[in-house]
Amino acid sequence: MKPLLIIDPGHGGKDPGGGSNRFWKEKEMNLAISLYQFNRYKQLNIPVELTRATDITLTPGERTRIVRNSGATFCHSNHINAGGGDGAEIIHSIYGGEEMSERLAAELKTAGQNIRRIFTRTLPSNPNQDFYFMNRNTGNVKTAIIEYGFADSDRDDIRQLQSHWKNFAEAAVKGFCLYTGHNYFLPSLKSKTFQTKSVEILRLPASADSWRVYPLDEKPIKGNEVGFLKPSKFNGIEYKILGKPSGHVYTIKTRDFGKVNIYAHPNTGAIIKKR
């Protein structure tokens, strides 16, 4: 099933993000917000995907290609702002997305965050193109860049984001449900507690020049590979483990090959961890 929404946790890996301070790194706050929302949308039966589920580096080209190829109708790119302001900002494309952005902003305001502005911006060299690559290069996917507050605010954003980031993450979920007409309920109304489930992550070390991956219906032996991953190119890469068909063989989903199996015995340098 194609996702209705793809969530983009901004930055990641080598890029900590400018919305960082002594309390958090932006890339980590963005991921926490995005994983919370991902699990909430699953609970609400809304098809959803992520551009990244772990702390990996994505170039602008890789990030927007994942969005374009996802089949999603909408994208939310989650960020924390910097620059001395205060309050949330939402940036939509010059070609649409204002109504969705206004609905998201309304719910963020209800959750206690002031709204600094909802806006668009064009390239100085071409007024027919969006300034921000997440608006400009995500194709027909209607993308909103959500800045939940300022990491260097001289007012209350730092305290609010430290204490209430889940409230703001939930507000965006509610706003999207109201905008798209999907059924919405609070976590407490469906179950007594809502917890983000831990997931197993496979990390392939940066020291590996290449790593074979295999079709799901083939034995993971040399000669059956469908392609090769390049951990060294990305200073190591991580994948969410989707299944374990046999000992030290894991099912993962890659950008280039889709769902594949991979052999990752600890002796190979691969690491399995939980998040």
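Given the conditions (1) of a type in the set (Asp, Glu); (2) surrounded by 23 or more Cβ atoms within 10 Å (Cβ to Cβ); (3) out of contact with any helix residue (DSSP H, G or I) (no Cβ under 7 Å at 6 or more places or on another chain), and given that Asp8 satisfies all but one, which numbered condition is not satisfied?
Failed condition: (3).
Collect the residues in segment 46-67 that are crowded, with 20+ Cβ neighbours inside 10 Å and of a type in the set (S, T, N, Q), keeping them in residue-number order.
Of everything in segment 46-67, those that are crowded, with 20+ Cβ neighbours inside 10 Å and of a type in the set (S, T, N, Q) turn out to be Thr51, Thr54, Thr64.
I'm checking my understanding of the structure. Among residues of segment 83-119 that are in contact with a strand residue (DSSP E or B) (Cβ under 6 Å, 6 or more places away or on another chain) and in a loop (DSSP other than H, G, I, E, B), which one is farthest from Leu31 (Cα to Cα)?
Among those residues, the one meeting the criterion is Ile94.
Any chance you could count how many residues in segment 11-20 are out of contact with any strand residue (DSSP E or B) (no Cβ under 6 Å at 6 or more places or on another chain) and surrounded by 17 or more Cβ atoms within 10 Å (Cβ to Cβ)?
So the count comes out to 5.
Considering only segment 158-165, I want to know if a residue exists there that is closer than 20 Å to Asn81 by Cβ and not in a helix (DSSP H, G or I).
No, there is no match, as no residue in segment 158-165 is closer than 20 Å to Asn81 by Cβ and not in a helix (DSSP H, G or I).
So, of the residues in segment 47-82 that are part of a loop (DSSP other than H, G, I, E, B), touching a residue at least 24 places away in the same chain (Cβ under 8 Å) and β-branched (Val, Ile, Thr), which turns out to be farthest from Ala151 (Cα to Cα)?
Let us first name the residues in segment 47-82 that are part of a loop (DSSP other than H, G, I, E, B), namely 47, 51-59, 70-73, 82.
After this cut, where a residue has to be touching a residue at least 24 places away in the same chain (Cβ under 8 Å) as well, the list is 47, 51-58, 70-73, 82.
Those left that are additionally β-branched (Val, Ile, Thr): 51, 54, 56-57, 73.
Values: Thr51: 23, Thr54: 22, Ile56: 22, Thr57: 21, Thr73: 30 Å.
The extreme case among them is Thr73.
Within segment 230-242, how many residues turn out to be over 21 Å from the mean Cα position of the chain (by Cα) and modelled with pLDDT of 90 or more?
1
Of the residues that make up segment 68-88, is at least one of a type in the set (Val, Ile, Thr), buried (at least 18 other Cβ atoms within 10 Å of the Cβ) and over 14 Å from His11 (Cα atoms)?
no
Which condition from (1) loosely packed, with under 14 Cβ neighbours inside 10 Å; (2) under 21 Å from Thr57 (Cβ atoms) is the one that Gly243 breaks?
Unmet for Gly243, out of (1) loosely packed, with under 14 Cβ neighbours inside 10 Å; (2) under 21 Å from Thr57 (Cβ atoms): (2).
Find the residue count for segment 158-197, including only residues that are among the charged types (D, E, K, R) and at pLDDT 95 or above.
Final tally of qualifying residues: 4.
Name the residue, out of Asn140, Asn183, that is of a type in the set (S, T, N, Q), over 21 Å from the mean Cα position of the chain (by Cα), in the same structural domain as Glu26 (by TED's automatic domain parsing) and assigned to a loop (DSSP other than H, G, I, E, B).
Asn183
The values are calculated or read from the model by the stated rules, or taken from the named source; none is laboratory data. Here the structure is a predicted model, which is why all the values come from computation and not from measurement. Here the Cβ is made from the backbone with ideal geometry for all residues, glycine too, and neighbour counts use every protein chain on show.
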